[in-house]
Amino acid sequence: MINYIIEKPEQPYLNIKGSKDLFPVRRIYCIGRNYADHAIEMGFDPNKEPPFFFQKNPNNIAIDNKFPYPPQTNDVHHEIEMVVALKSGGQNILQEKAYEHIFGFAVGLDMTRRDLQAQAKKLGRPWEIGKAFEKSAPIGILSRYEDTGLMDKGKIKLEVNNKIKQEGNLNMMIWKIPEIISHLSKFYGISGGDLIMTGTPAGVGPVKKGDQLKAKIEGLENLEVNVV
Ligand code: MN
């Protein structure tokens, strides 16, 4: 029998629509600047710079509809994103085979300490301090691929205190889901349990304590998060 020398850390997980089973989370890959209008609002030319990846930690997930305002920042931004959950993986996956590895989809938020991220960018340092902190990845209930279909189009929208802040369509992604999975699998051994946050449309902005965020993607379960 294995005896862990300290208490075994909890396995992060997501809930699944219509099921008591849980989806265990292994890694969280995030894509940057995957909607042209968001790349432009951040000061970049989407025609010159292709999307790129960073990661959050699996235990940065928040599934309790609460986002505690994080420390060491005065500028935390919301970024609504569709989350793809993989049931299997591999290396060098062909685009035509990518959907065979998908378990399902959920609505997520890539919460970002924008001031710390901006500082890191300026200094040529990694983004973790801006992106991978406690509860920085609120994610809603997973819907199964067999129930949702391809999720290659559909409205994506974020409301803060019932005012629309971000609005777009999944068909505006620069890199489509099969391209993202194929690309990631060239660099990493991707696997069942991995999540991919697929980027945010324009309209990102700050949140403050007391705000109510409503994140919606056509065909998926809404995600509601209170900033506390
Ligand atoms: Mn993002």
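Express the Stokes-Einstein translational diffusion coefficient of region 135-215 in µm² s⁻¹, to the nearest whole number, given a Kirkwood radius over alpha-carbon pairs, 25 °C and a viscosity of 0.890 mPa s. Diffusion coefficient, whole number: 165 µm²/s. The Cα-based radius of gyration and maximum Cα-Cα distance (Dmax) for region 1-132 are 17.3, 55 Å. Here the chain was treated as a single set of alpha-carbon atoms; its pair distances binned every 5 Å from 0 give 1, 7, 15, 20, 21, 18, 11, 5, 2, 1, 0, 0 percent. What is region 89-173 by shape, rounded, prolate or oblate, if you read a ≥ b ≥ c off the alpha carbon gyration tensor as root eigenvalues and call it rounded for a/c under 1.5, prolate for a/b larger than b/c, and oblate otherwise? Note, shape of region 89-173 comes out oblate. Find out how many positive minus negative residues lie around residue 117, taking Lys and Arg as positive, Asp and Glu as negative, among other residues whose Cβ is under 13 Å from that of residue 117. Result for the neighbourhood of residue 117: +3. Solvent-accessible area per residue in the chain equals 51 Å², computed with a 1.4 angstrom probe and all protein chains kept. Under 5 Å from the amide H of residue 13 lie the amide H atoms of 25, each residue being 5 or more positions distant or on a separate chain, with H modelled from the backbone and absent for Pro and chain starts. Near residue 60: Cβ cut-off under 9 Å, other residues only, Lys/Arg at +1 and Asp/Glu at -1. The net charge is +2. In this structure the amide hydrogen of residue 75, modeled in the peptide plane, comes within under 5 Å of the amide hydrogens of 114, 115, none closer than 5 places in sequence on its chain. For residue 75, what is the net charge nearby, where nearby means another residue's Cβ is under 12 Å from its Cβ and Lys, Arg count +1, Asp, Glu -1? The answer is +2. Which trypsin sites (Lys or Arg not before Pro) in region 124-157 pass both tests, a DSSP loop state and at most 15 other beta-carbon atoms within 10 Å? Counting only loop positions with at most 15 other Cβ atoms within 10 Å, the trypsin sites (Lys or Arg not before Pro) in region 124-157 are 153.
So which of 66/186; 17/163; 48/209; 17/157 end up more than 32 Å apart by C-alpha? Beyond 32 Å between Cα atoms: 66/186; 48/209.
In loop segments of region 109-198 as defined by DSSP, the GluC sites (Glu not before Pro) with at most 16 further C-beta atoms inside 10 Å of their C-beta are 134. The length gained by stretching the chain between residue 99 and residue 167 to full extension, at 0.36 nm per residue less their Cα-Cα distance, is 21.9 nm.
Spin-label model, residue 45 to residue 88: label points 7 Å out along the Cα-to-beta-carbon direction sit 4.3 nm apart. When all alpha carbon pairs of region 26-76 are counted in 5 Å bins from zero, the resulting P(r) reads 4, 16, 16, 17, 20, 17, 8, 1 %.
The values are calculated or read from the model by the stated rules, or taken from the named source; none is laboratory data. Everything quoted here is computed from the prediction, not taken from an experiment. Backbone-built Cβ (ideal geometry, glycine too); neighbour counts: all protein chains shown. Heavy atoms of the whole protein, side chains included, go into the accessibility calculation; ligands, DNA and RNA do not. Shrake-Rupley method; radii C 1.70, N 1.55, O 1.52, S 1.80 Å.
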